[in-house]
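Values in this text are rule-based calculations from the coordinates and carry no lab data. This is a predicted model, so every value here is computed, not measured. Cβ atoms come from the backbone with ideal geometry, glycine included; neighbour counts cover every protein chain shown.
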Amino acid sequence: MVKVVKFGGSSLASAEQFAKVGDIIRADKSRKYVVPSAPGKRNSKDTKVTDMLYECYALAEADKDFRVQLMKIKDRYDSIINGLKLNVSLEEEFKTISAKFKEKAGADYAASRGEYLNGIIMANYLGYEFVDAAEVIFFDEHGVFDADKTQKVLSKRLENLETAVVPGFYGSNPDGSIRTFSRGGSDITGSIVAKACKASIYENWTDVSGCLVADPRIIDNPKPIKVITYRELRELSYMGASVLHEDAVFPVRKAGIPINIRNTNDPEAEGTMIVDSTCQKADYTITGVAGKKGFVAVSIEKDQMNNEVGFCRKALQAFEENGISIEHMPSGIDTMTVFVHQAEFEGKEQQVMSSLRRLANPDFTELEADLALIAVVGRGMKSQRGTAGRIFSALAHAEINVRMIDQGSSELNIIIGVSNDDFEKAIKAIYDIFVVTRL
Ligand code: ASP
């Protein structure tokens, strides 16, 4: 059995955290391939090494003296090396980095050094082989991740290695220069490595005990989710409940490898299993509830709309022409309402409305701002009666006016629109009915 284990920045922020990670890896012999992030924050006022690198490189690019900043970064690594009493020196590495900064090797190169150096330390600490991600993770000439080439080279490389450390977050372009994934991209590397070595599980270790049923900033101590499907996770992450980089799902999902989100500071906790499909019932009718504020509802009315072939297409074209993406679109016989992001819409409001008039010629339009959308997500809802009824009676009891209802055709989620001011109250009411009182 082979497990790929990825550790986030807060799990590797200091020598103490490294020691916890060492214990976790040594506790299970199947944890053979390790993907580290760069050192993260040690406390809330601290700065992540990745951010320090970006700042330091910005100085280099502006031809300013960056030596003090680079020394501060070196100190972060040295304190980990000394704290673990390792016999490794990054002296030469930092000389190279300094020279590359002077040559203006690029912001991606700079940022990638966070993971690269942490990988060297990790490999030394564990006695595992170090594999530079630039040699095994590839992007094509358009900067898009090259899954085929990576799979070929990486799987071959790992085949010959009993154990290895592959730093997260970066790879190389066809010309050999360094490219990073978007922020938080070490999650993606972990997933790619898991696919390449046909791991039986991809463990993603972070500082929370997995996905939670609701946002802990709204609900005190929300219950953890034990098992969630990729589709449920996507619905919830889209609404802001994110523990994982969105693109991390694709490589392992294709390969049928489950992801286990675990907590480095609470290794006994089982965390959350993210799986393709499961017949395991969730603990509650709903798997999770999440939402976002800041939407505008554009209501469009036209008499006999249902008889006018192409009306919806013309109306939607008004949004498309102005580059506005659409969130939800509940409709009636003579009405349709289009939900859009307020921040995106505000600057283009009048252009969209005049396009709408020109293209679809509605009888009446109305705009309503400051709305929030809440997604109640659960694979279990399909087979249960009365879920929607319970949601709406809970909201009515909490004196919340529901402005929109949209049940996805897969019956995996129910989307509810409320005013921004009612957002937190609504989440609490829904959490209460399904999780606390379980009525
Ligand atoms: N260190 C990178 C970041 O801060 C990548 C990662 O941690 O996943 O975004």
Residues in region 116-159 that a label on R42 would reach, taking backbone N under 17 Å of a point 7 Å out along Cα→Cβ: 118
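Checking the table K195/K292; K72/K149; K156/K226; K6/K104; K223/K293; K149/K254 against a 25 Å threshold on Cα-Cα, which pairs fail?
From the list (K195/K292; K72/K149; K156/K226; K6/K104; K223/K293; K149/K254), the Cα-Cα distance tops 25 Å for K195/K292; K72/K149; K156/K226; K6/K104.
Under a Cβ-Cβ cut-off of 15 Å, what is the net charge of the residues other than K195 that fall near it, where Lys and Arg count +1 and Asp and Glu count -1?
Values: positive: K3, K6, K32, K149, K152, K156, R157, K198, R253, K254; negative: D146, D148, E159, D187, E203, D247, D276.
Around K195, the surrounding residues sum to +3.
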Distance between region 255-296 and region 205-250 - C-alpha centres, whole angstrom: 5 Å
E301/K85 FRET efficiency (R0 56 Å; Cβ-Cβ; nearest 0.05): 0.15
For region 1-43: rounded, prolate or oblate by the Cα gyration tensor [a/c cutoff 1.5]: oblate
Net dipole in debye of the chain [+1 Lys, Arg Cβ; -1 Asp, Glu Cβ; about Cα centre; nearest 20]: 1260 debye
Most mobile of V377, V227, V296 in a GNM of the chain (Cα contacts under 10 Å): V296
Residues in region 163-184 reached by a label modelled at E246 [backbone nitrogen below 14 Å; 7 Å Cα→Cβ]: 182-184
Rounded tilt (10° steps) of 15-26 against the dominant C-alpha axis of the chain: 90 degrees
Rounded tilt (10° steps) of 349-360 against the dominant C-alpha axis of the chain: 50 degrees
Anchor K382: aspartates and glutamates whose Cα lies under 20 Å away (excluding residues fewer than 8 positions away in-chain): E232, E235, D276, D283, D406, E411
Ratio of Rg to Rh over region 38-90 (Cα coordinates, Kirkwood Rh, two decimals): 1.03
Helix axis angle, 147-159 relative to the chain longest principal axis, alpha carbon, degrees: 40 degrees
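Would you please classify the overall shape of region 72-175 from the alpha carbon gyration tensor, given that a ≥ b ≥ c denote the square roots of the eigenvalues, rounded means a/c under 1.5, and beyond that prolate means a/b larger than b/c while oblate covers the rest? Intermediate values should be presented prior to the final figure.
Values: a/c = 2.83, a/b = 1.25, b/c = 2.26.
Note, shape of region 72-175 comes out oblate.
Where Rh is the Kirkwood radius over the Cα pairs of region 209-289, the temperature 20 °C and the viscosity 1.002 mPa s, what D in µm²/s does Stokes-Einstein return? The partial results should precede the final answer.
Details: Rh = 13.0 Å.
Here the translational diffusion coefficient equals 165 µm²/s.
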Binned Cα-Cα distances of region 1-98, short to long, each 10 Å bin given as a whole percent: 14, 40, 32, 12, 2, 0
Label zone at A147 (point 7 Å along Cα-to-Cβ), backbone N below 18 Å, region 263-306: 275-277
C-alpha center-to-center spacing [region 360-439, region 86-141] in angstrom: 48 Å
Convex hull of the chain built on C-alpha atoms - directionally averaged projected area, nm²: 24.5 nm²
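Would you work out if region 367-439 is rounded, prolate or oblate? Take a ≥ b ≥ c from the square roots of the eigenvalues of the alpha-carbon gyration tensor; rounded if a/c is under 1.5, else prolate when a/b is larger than b/c, oblate otherwise. Each step should come with its number before you reach the end.
Numbers: a/c = 2.16, a/b = 1.28, b/c = 1.68.
Cα axes put region 367-439 in the oblate bin.
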Virtual spin-label span in nm between M353 and E92, 7 Å along Cα→Cβ: 6.7 nm
Among T50, T189, T278: highest mean-square fluctuation, GNM of the chain, C-alpha pairs under 10 Å: T278
Descending principal axes extents, region 315-439, alpha-carbon based, whole Å: 51, 29, 24
Extension gain (nm, one decimal) between H397 and E55, 0.36 nm per residue minus Cα-Cα: 118.0 nm
Amide H contacts under 5 Å for G288, placed H, 5+ residues apart: V377
14 Å Cα-Cα reach of K32 towards aspartates and glutamates, excluding residues that sit fewer than 8 places from it in its own chain: D23, E129, E159, E162, E203
Nitroxide proxy distance, nm - points 7 Å out along Cα→Cβ at C312 and S325: 2.0 nm
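For D421 and K156 in the same chain, what is the full-extension length gain: residue separation times 0.36 nm, less their Cα-Cα distance, in nm? Could the numbers behind the result be given before it?
On the way: separation 265, 0.36 × 265 = 95.40 nm, distance 5.50 nm.
Length gained between D421 and K156: 89.9 nm.
With both bridge residues required to lie in the chain, what share of the DSSP beta bridges run antiparallel, to the nearest 5%? Could you put the intermediate results ahead of the total?
Details: 40 of 63 bridges.
If I count the DSSP bridges inside the chain, around 65 percent turn out antiparallel.
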GNM top mover of V252, V298, V193 - the chain, alpha-carbon springs below 10 Å: V298
Extended-chain gain in nm, criterion 0.36 nm per residue less alpha-carbon gap, A107 and S409: 104.3 nm
